[in-house]
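Chemist: If you scroll down you'll find the structure; I have some questions about it.
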Amino acid sequence: MIGYIVKRLLLAVPTLWAVLTIVFVLARVLPGDPAQTILGDQATQEALVAMRHRLGTDKPIAEQYADFLANAVRGRWGDSLVTGKPVLEEVGKVLPYSIDLTVSAIVLGALIGVPLGTWSALHRNAAFDYIARLGSLLGLSFPAFVSAIMLLLAFAIELRWFPVIGAGGSGPWERLRAITLPTVNLGIIMAAYVTRVTRSSMLEVLGEDYIRTARAKGVPSRVILWRHALRNALIPVVTVVGLYLGILIGNSVLTEIVFNRSGLGKLIVSALDQRDYTVLQGMMVVYAFAIVLVNLLTDLTYGFIDPRIKRQ
Amino acid sequence: MTESIAAVPVERPAAAHWLLQLRRAFNANATSWVGLVVFLVIVALALLAPLIAPYDPLDQDIISRLEGPSAAHWFGTDSYGRDTLSRLLWGARLSLVIGSVSILSAMLIGGTIGIVSGYVGGKFDLVVMQAMDVLLSFPSLIMGLMVVAMLGPSMGNLIIAIALTAIAPFARIARAPTIAVKERDYIEACRALGYSDLRIMAVHILPNIMAEILVMGSLWLATAIRTEASLSFIGLGVRPPVATWGGMIREGFENILDSAWLSIFPSLAILLVVFSLNMLGDGLRDAIDPKLRGGE
C-alpha cells in the first residue's frame, strides 16, 4: 500500500505542474493586460507601468513563468491589492467554511444516492426506478444557484425555519442551522449524480457471471447484495464522486453566494468585484491544488477499495 | 486498371449510418422525444422573440416597476419597469447562441483532436490525451470563472471559456472508436488503395462516431447553458442591460424578499431548457452506447 501511495504522490507532481501551467497561461499569456484590467481604461501611462511592476508582469515571460511556479508551490501568492494582507492568509480564513460545506454535502449525497441507486437497479423498470431516473435527471438539470434560490425562498423566507443570511452565530446550534440549507442544496444535486452512477454500475455488476453463480449455489440474496454486488459496484462510484468533486467546488461557489456564506466562492466573487488580481490568481492556484488533491484522493480510495489496482 | 480496383466496394463498417442510428435511438425511448419537442419549442420561441415579445426587452417604464404578474405583464416587471416575459424571450436567444456556438466549436476542435490523436497513436496520442485529462479535471464553472475573470466578460470570451471546458470530453469520445475502427480491414483496404489519411479520417472514421458525438453534444449543450447562466449570475455574463437569464436572476435576487417572481421565472426557464436537453441526450445515450446496446 505504501509503495502505491508513493507512486501516486509522484504522479501527482507532473499533474500539478500541468494544472499550474494552464493557470499561468490563462493569467498571463492570453491577450489582455492585467494592469489595464485592474486600473480601467482611464489609467495613466505611469500608473500602468507602476502596476505592471508591482504585479511582475513587466518581466520577460519565461522569468514570470519560473517565478509563478516557484511562488505557487511555496505558498507565496502575493498580497491582496485591496486589504494588503497575504492571499494565503485570506484563503486560510475562509477555507474551513468551504471544507465543512463540501464534506457534509458529499456525506449527504452518498447517503441518499447510494441506497436510491441500488434500490433503483434492483427494481429495474419498475415505477420506482422510472421515478428515480427522471428525478435524478431533473436534479442534475438544476443550476446550483437556481435550486439554492428555491430552497432559500421556501425554507428561509416563507417558512422561516432557517436564517436568510450568513454563517450566523457562533454556537454549534446556530452553525448547524446555517449550514443545513447549503448542504441540502449541494447534497441533493450530488445525490442525483450518485444515484445514476450507482444504478448503472449496479446493473452492470448484477449481470456478471459471479452473481449468477452465487445465486445458483443458493447464496441468500441479502449476502449477494452486500458482499458481492455492492462492493464491486461502488468502485466506479468512487471514481465518479472524485470527478464530481470538481463540479461540487463550482456549485459551492454559487451556493455560497445565494446563502451569503463565507468560503472560497464568496472570496473569489468579492475579488472579482474589486478587481483584486492577486487574490484571483491566488484562488486559481488554490483550485489547481484542489484539483490535483482530489485526483490523488480518488486514486488512493480506488486502490483501497479494489486490491487489484494496487498490484498493477 | 486502377479504375476497376477503385470500383470494388470497400467493406462497409458494421454500424448503421449515423442518422439511422439516431432515429433508432429516438424510437427506443419516449423521453428523448419529449426532450426534443420541448427543446424545439424553446428554440422556436427564441427565434420568434422579435415578433412575439410584447415589449422591447430594454424599454424602461419607471411607473410600472416591480409589478407582479398581470394581464399587461404576464411575468411582471423588474426594478427598471422592464417586461420580464420579453426579457426572458430575448435572453433565450443569447443562452442558445452562446451555448451552441461554444459546443459546436468544442465538438469540432475536440473531435478533431480525438480522431487525429487516436489515428496517429503512439507517443503523440499519449501526450495529447494526458493534456486532455488535465483539461478535463478543471470544473467547467471554475474554468469559466478563470477565463472570463482574466479576459473580461463579453460574449466572445464566454464562448471561449465554455468551449475550453468541453473540448476534452469530445476528444475522448472521438478517440476511443477511432482506435477500434482503424484496425479494421476496411481501413486497411483504404490504405492499400492509397487514400490519404485525411480522407480516411473524414470519410471512413468520422461517420462511425458521429451519432455518439451528437448525443454528447446535446448533453454538453445543457451544461454549457447552465454554465453561462451561472457565470451571468455571478456577474461575469454579457454586460447589462442585455437580457441574460443568469443576469435576470441576479437582479431578481436583489429583490427576493418582496418580488420573488423576478428570480423564479428565469430560474424555471433555465431549468426547462437544461432538463429538456438532458432528457433528449440521456435517452439517446442509453440507446447508442455500445456497452448497453450489446444485449440487443
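Chemist: With all protein chains present, calculate the accessible area of residue B:191 using a 1.4 Å probe and round the result to the nearest 10 Å².
Modeler: Spelled out: residue B:191, probe radius 1.4 Å, area about 90 Å².
Chemist: In peptide A:145-152, how many Cβ atoms from other protein chains are near each Cβ within 10 Å, on average? Could you put the intermediate results ahead of the total?
Modeler: Working: counts 12, 16, 2, 1, 9, 6, 0, 4.
For peptide A:145-152, the averaged partner shielding equals 6.
Chemist: Cα-based Rg of the stretch A:16-73 per 2.2 N^0.38 Å, rounded to two decimals?
Modeler: 1.20
Chemist: Okay, next question. Between residue B:59 and residue A:217, what is the FRET efficiency for a Förster distance of 60 Å, r being their Cβ-Cβ separation, to the nearest 0.05?
Modeler: According to the calculation, E is roughly 0.20.
Chemist: Nothing charged except the Cβ atoms of Lys and Arg (+1) and of Asp and Glu (-1): what's the magnitude of the dipole of the stretch A:94-311 about its Cα centre? Round to the nearest 20 debye.
Modeler: 800 debye
Chemist: Moving on to the next point. May I ask for the net charge around residue B:55, where only other residues with Cβ less than 14 Å from the Cβ of residue B:55 are counted and Lys, Arg are +1 while Asp, Glu are -1?
Modeler: -3
Chemist: Using a 1.4 Å probe on protein heavy atoms only, how many Å² of accessible area do A and B hide from each other, summed over both chains and rounded to 100?
Modeler: Details: alone 17450 and 15240 Å², together 29070 Å².
What A and B bury together is about 3600 Å².
Chemist: Could you grab the relative contact order for the stretch A:94-311? Cα pairs under 8 Å, six or more apart, rounded to a whole percent. Present the calculation step by step, with values, prior to reporting the outcome.
Modeler: On the way: 248 pairs, mean separation 61.3, N = 218.
Taking the mean separation of contacting Cα pairs over the length of the stretch A:94-311, I get 28 percent.
Chemist: Provide a whole-number value for the mean count of partner chain Cβ atoms within 10 Å of the Cβ atoms in peptide A:286-298.
Modeler: Counting Cβ atoms of other protein chains within 10 Å of each residue's Cβ and averaging gives 2.
Chemist: Ignoring ligands and nucleic acids, what accessible area does residue A:243 show with a 1.4 Å probe (Å², nearest 10)?
Modeler: Only protein atoms counted, so the area is about 110 Å².
Chemist: Grab the other residues whose beta carbon is less than 13 angstrom from that of residue A:263, score K and R as +1, D and E as -1, and report the net.
Modeler: 0
Chemist: Same structure, new question: Excluding same-chain pairs closer than 8 in sequence, count the lysine pairs in the protein assembly as shown whose Cα atoms lie under 29 Å apart.
Modeler: Lysine pairs, 8 or more places apart or on different chains, close enough: 12.
Chemist: Now for a different question. Once phi is turned into θ = phi - 60°, what whole-Hz ³J(HN,Hα) does the Karplus curve with 6.51, -1.76 and 1.60 give for every residue of the stretch A:234-251, x standing for Gly and Pro?
Modeler: Coupling constants for the stretch A:234-251: 6, 4, x, 4, 4, 4, 5, 4, x, 4, 5, 3, x, 5, 4, 4, x, 5 Hz.
Chemist: At 25 °C and 0.890 mPa s, what whole-number value in µm²/s does Stokes-Einstein give for the translational diffusion of the protein assembly as shown, with Rh from the Kirkwood sum over Cα pairs?
Modeler: Roughly 93 µm²/s, to the nearest whole number.
Chemist: What's the Kirkwood radius of the stretch A:94-311 in Å, using all Cα pairs?
Modeler: Mean inverse Cα-Cα distance, inverted, gives 19.0 Å.
Chemist: Search the structure for amide H atoms under 5 Å from the amide H of residue A:79, placed 1.01 Å from N in the peptide plane, and list their residues when 5 or more places away or on another chain.
Modeler: Amide H to amide H, under 5 Å and 5 or more residues apart or across chains, residue A:79 pairs with A:87.
Chemist: Sticking with this one: What's the average, rounded to a whole number, of partner chain beta-carbon atoms within 10 Å of each residue's beta-carbon in B:261-270? It would help to have the intermediate numbers written out before the result.
Modeler: Details: counts 0, 0, 7, 4, 0, 1, 8, 2, 1, 5.
Going residue by residue through B:261-270 and averaging, the value is 3.
Chemist: Further question on the same structure: Over the stretch B:28-118, with a single point scatterer placed on each C-alpha, what log10 of the ratio I(q)/I(0) does the Debye formula yield at q = 0.10, 0.19, 0.26 1/Å?
Modeler: -0.43, -0.91, -1.15
Chemist: Keeping all protein chains in position, work out how much accessible area residue B:257 exposes to a 1.4 Å probe, and write it in Å² to the nearest 10.
Modeler: It works out to around 130 Å².
Chemist: While we're here: With the crude spin-label approximation of a point 7 Å out along Cα→Cβ, what separation in nm comes out for residue A:53 versus residue A:297?
Modeler: Simple spin-label model gives 4.4 nm for this pair.
Chemist: Provide B:23, A:8, B:65 ordered by accessible surface of protein heavy atoms (probe 1.4 Å), highest first.
Modeler: Result of the area sort, largest leading: B:23, B:65, A:8.
Chemist: With each run of n ≥ 4 DSSP H residues scored as -39500 (n - 2.57), what mean residue ellipticity at 222 nm is computed for the protein assembly as shown after dividing by its residue count and rounding to the nearest 500 deg cm²/dmol?
Modeler: One gets -24000 deg cm²/dmol as the mean residue ellipticity at 222 nm.
Chemist: Which residues does the label zone of residue B:70 cover in the stretch B:245-272, counting backbone N under 17 Å from a point 7 Å along Cα→Cβ?
Modeler: Only B:259-262 pass the distance filter.
Chemist: According to the Kirkwood expression over distinct Cα-Cα pairs, how big is the hydrodynamic radius of chain B, in Å?
Modeler: 21.2 Å
Chemist: Karplus couplings for the stretch B:114-121 from phi (6.51 cos²θ - 1.76 cosθ + 1.60, θ = phi - 60°), rounded to Hz, Gly and Pro as x?
Modeler: Ordered by residue, 3J(HN,Hα) equals x, 5, 5, 4, x, 6, 6, x Hz.
Chemist: A follow-up question, please. Within 11 Å, Cβ to Cβ, of residue B:84, how many net charges do the neighbouring residues add up to if Lys/Arg are +1 and Asp/Glu are -1?
Modeler: -2
Chemist: Heavy atoms only, probe 1.4 angstrom, no DNA, RNA or ligands counted: give me A:123, A:53, B:17 ranked by accessible area, highest first.
Modeler: Numbers: A:123 70, A:53 130, B:17 105 Å².
Result of the area sort, largest leading: A:53, B:17, A:123.
Chemist: Sorted by accessible area with a 1.4 angstrom probe, largest first, how do B:22, A:248, B:206 fall?
Modeler: Reading off the accessible areas and sorting them downward yields B:206, B:22, A:248.
The values are calculated or read from the model by the stated rules, or taken from the named source; none is laboratory data. Not measured: the values here are computed from a predicted model. Every residue, glycine among them, receives a Cβ derived from its backbone with ideal geometry; neighbour counts consider all protein chains shown. These area figures cover heavy atoms from the full protein model, side chains too; ligands, DNA and RNA do not enter into them. Shrake-Rupley method; radii C 1.70, N 1.55, O 1.52, S 1.80 Å.
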